[in-house]
Every structure is written in C-alpha cells, then in structure tokens.
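See structure below.
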Amino acid sequence: MKKTNTYGEFKRQQYRNNLQRYFGDSLKFVSDRDSKHIQYDPVQSEDIFVIRTSHVRIHNGRLILIVGAKKAVYLQPFQIKQAKDEQTNLSFFLVRVKRQFFKTYEFRQPFEGFLNSPDYDFDSLREVARSQTGTVVLK
C-alpha cells in the first residue's frame with residue numbers, strides 16, 4: 001500500500017524547495033526534522049551571493065540595501081529573509097544579491113547612522129559575504 005503525503009508534509013517540502021532555490025546547492029539543514037537551522041555557502045558564483053546584514057531599510061515604501069553614506073540598492077521582497085545567529089542571538093537579514101540587478105543609487109541626504117560609512121560595490125560586498133559562515137536560524 002502506497003503512503004500518501006499529508007498537506008503538512010507537502011508544505012514542508014515546498015518550503016525546503018524554496019530555500020534550496022534561494023541558497024543554492026550548498027544548503028544544508030542541521031537536522032532532518034528542523035527546516036529553520038541551516039548552513040550554506042554564502043557565495044554561490046562570481047555573480048550571486050547571500051550577505052548577512054542589518055543595513056536593510058524601507059525608503060518611500062521600497063526596500064533598500066544601504067551600501068554607503070548616501071548610496072543604496074533597491075531590493076525586491078523575495079531577495080530578503082530574516083534570520084538570527086545561533087551563538088550570539090543577533091537578528092539580521094539575509095539578502096540574495098545578483099550582479100545583473102545590482103545598481104547603486106545616490107540619495108541627497110546621508111542615511112541616519114551611516115555618515116562615515118565606506119562605499120561598497122558588488123565585489124567588496126561579495127568579499128564580506130565570503131567571510132560570513134556558520135549556522136543561522138531562519139525566522
């Protein structure tokens with residue numbers, strides 16, 4: 001007799017498939033029963049990476065990633081996931097960045113708290129992402 005999947009199992013597999021598309025082939029679940037604790041390689045290719053940051057804001061109703069005192073990149077909601085570090089319990093955003101869509105915009109006023117912040121381009125953000133490893137807990 002063939003076992004039928006329940007709706008909960010279907011939703012759990014759908015959730016895991018979405019995470020697989022977001023994080024790529026390097027995604028590892030810490031346990032089979034838990035989909036929230038994950039490990040991944042932040043740099044998927046030279047043109048795609050996932051960075052951990054708290055520099056995500058809403059500006060005029062749109063999400064932005066702040067990359068300098070007056071510079072930011074507009075984001076789409078599907079590029080962002082909320083997470084926290086397992087050891088420090090600090091919350092942050094996981095932002096999936098593609099070179100193809102990485103376009104910086106300069107704003108008139110500096111962002112609050114970023115007055116002396118250095119400007120980052122795609123390659124420098126990728127190097128920052130490369131150094132970010134460890135287990136994260138998705139919210």
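The numbers here are math on the coordinates, done by the rules we state, and not lab data. Owing to the predicted nature of the structure, the values given are computational and were not obtained by experimental measurement. Counting neighbours? That spans all protein chains shown, and the Cβs are built from the backbone with ideal geometry, glycine included.
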For helix 7-23, report the angle its Cα long axis makes with the longest principal axis of the Cα atoms of the chain; keep it between 0 and 90° and round to the nearest 10°. 40
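For the chain, what does the helix formula give at 222 nm: sum of -39500 (n - 2.57) over DSSP H segments with n ≥ 4, over the residue count, nearest 500 deg cm²/dmol? Could the numbers behind the result be given before it?
On the way: 2 runs with 26 residues, N = 139.
That calculation yields -6000 deg cm²/dmol at 222 nm.
Rounded to the nearest 0.05, what FRET efficiency do residue 99 and residue 135 have when you use their Cβ-Cβ distance and R0 = 22 Å?
My answer for the efficiency is 0.20.
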Cross-link reach list, lysines versus residue 36, counting only Cα pairs under 16 Å and skipping chain neighbours closer than eight places: 11, 28, 81, 84, 139
Could you please rank 124, 117, placing first whichever residue has the fewest other Cβ atoms within 10 Å of its Cβ? 124, 117
Computed FRET efficiency, Cβ-Cβ of residue 86 and residue 107, R0 30 Å: what is it to the nearest 0.05? 0.30
Loop-only check: which GluC sites (Glu not before Pro) in region 33-139 are DSSP coil with at most 11 other Cβ within 10 angstrom? 46, 112
Give me the one-decimal nm value for the distance between modelled label points at residue 14 and residue 36, 7 Å along each residue's Cα-to-Cβ direction. 2.1
Given q = 0.13 Å⁻¹, what are the Debye log10 I(q)/I(0) values for the chain, with equal point scatterers placed on the Cα positions and solvent ignored? -0.61
